[in-house]
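Bear in mind that the values in this text are calculations on the coordinates, not laboratory data. Because the structure is a prediction, the values reported are computed rather than measured. No Cβ is skipped: glycine too gets one built from the backbone with ideal geometry, and neighbour counts run over all protein chains shown.
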Amino acid sequence: MKSDKKIAVLFLTIILSLFLILESFQSKQDCIIADKSEYLNFTGTCRSVQDKPKYHYVGIEKCASICHNNKEMGFQYNIMKSGPHSQAFNILASKKALHYAKNDNIKENPQQSSACLKCHVTGGGLDSTFFAATYKKEDGVTCEACHNGAYITRSFLPTEIECLKCHNNSVHNISRFDFREKYAKIAHPRPNKKAI
């Protein structure tokens with residue numbers, strides 16, 4: 001009888017030990033680096049997959065300094081800076097913007113109105129915890145507005161549905177939005193690599 005108890009205790013000890021070893025191994029597997037910008041600013045901390053981190057907008061200058069302002073990437077930063085999205089915040093200071101705001105009963109300055117900022121700046125309407133120190137709303141609609149989202153930790157190409165979140169007639173009249181035509185106007189693809 002005593003030997004049966006010893007065997008049971010030994011068996012339970014082995015099972016518990018295996019469980020603890022597997023749990024330790026799994027927790028190491030769950031350590032991730034949430035996104036490229038966090039990798040570049042790595043602090044040495046480990047975050048569990050279950051934490052579901054929110055995205056932190058870093059701004060267009062960070063994108064340029066990391067990868068997107070060189071020949072290999074087709075100087076995408078320069079294309080973006082000279083395009084209409086980069087002027088989206090500045091246009092809110094125009095007479096036209098004041099007219100639209102007045103027509104939509106927006107009392108505050110369009111450059112401070114959440115109704116305007118939600119489409120005229122990257123991350124508009126989000127609280128300050130979503131933004132890194134390198135982010136500037138004055139940059140307008142930047143790379144991250146089209147290629148990342150508030151809870152997305154990898155880059156993607158925008159779809160028509162994504163664009164229509166802002167390019168619609170919600171606050172002011174926007175001319176007919178033809179996704180293919182507009183997408184082609186702001187395109188900034190990487191140059192084709194030549195075969196060796």
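What to note about this one:
- Under the simplified labelling scheme, the residue 168-residue 187 pair shows an inter-label distance of 2.7 nm, with each label point 7 Å from Cα along Cα→Cβ.
- Order of 91, 15 - criterion: other Cβ atoms within 10 Å of each residue's Cβ, fewest first: 15, 91
- When the range 60-186 is reduced to its Cα atoms, the Kirkwood hydrodynamic radius in Å: 15.6
- Positive-end residue of 125, 184, 74, charge dipole of the range 60-186 with Cβ unit charges: 184
- Cross-link pairs exceeding 20 Å in C-alpha to C-alpha distance, out of 118/165; 137/182; 107/136, comprise 137/182; 107/136.
- Here's how it looks for residue 55: its modeled amide H is under 5 Å from those of 151, 152, which are all 5 or more places away or on a different chain.
- Spin-label pair residue 179-residue 78: with each label point 7 Å from Cα along the Cα-Cβ axis, the two points sit 3.1 nm from one another.
- The residues 164, 126, when put in order of fewest to most other Cβ atoms within 10 Å, stand as 164, 126.
- Under the Karplus curve 6.51 cos²θ - 1.76 cosθ + 1.60, θ = phi - 60°, whole-Hz ³J(HN,Hα) for the range 171-188, x wherever Gly or Pro sits: 10, 9, 5, 10, 4, 2, 9, 9, 3, 4, 5, 5, 4, 5, 5, 9, 4, 8
- Extension gain for residue 109-residue 70 works out to 10.3 nm (0.36 nm per residue, less the C-alpha to C-alpha distance).
- Neighbour counts of C-beta atoms inside 10 Å place 6, 136 in the sequence 6, 136, starting with the fewest.
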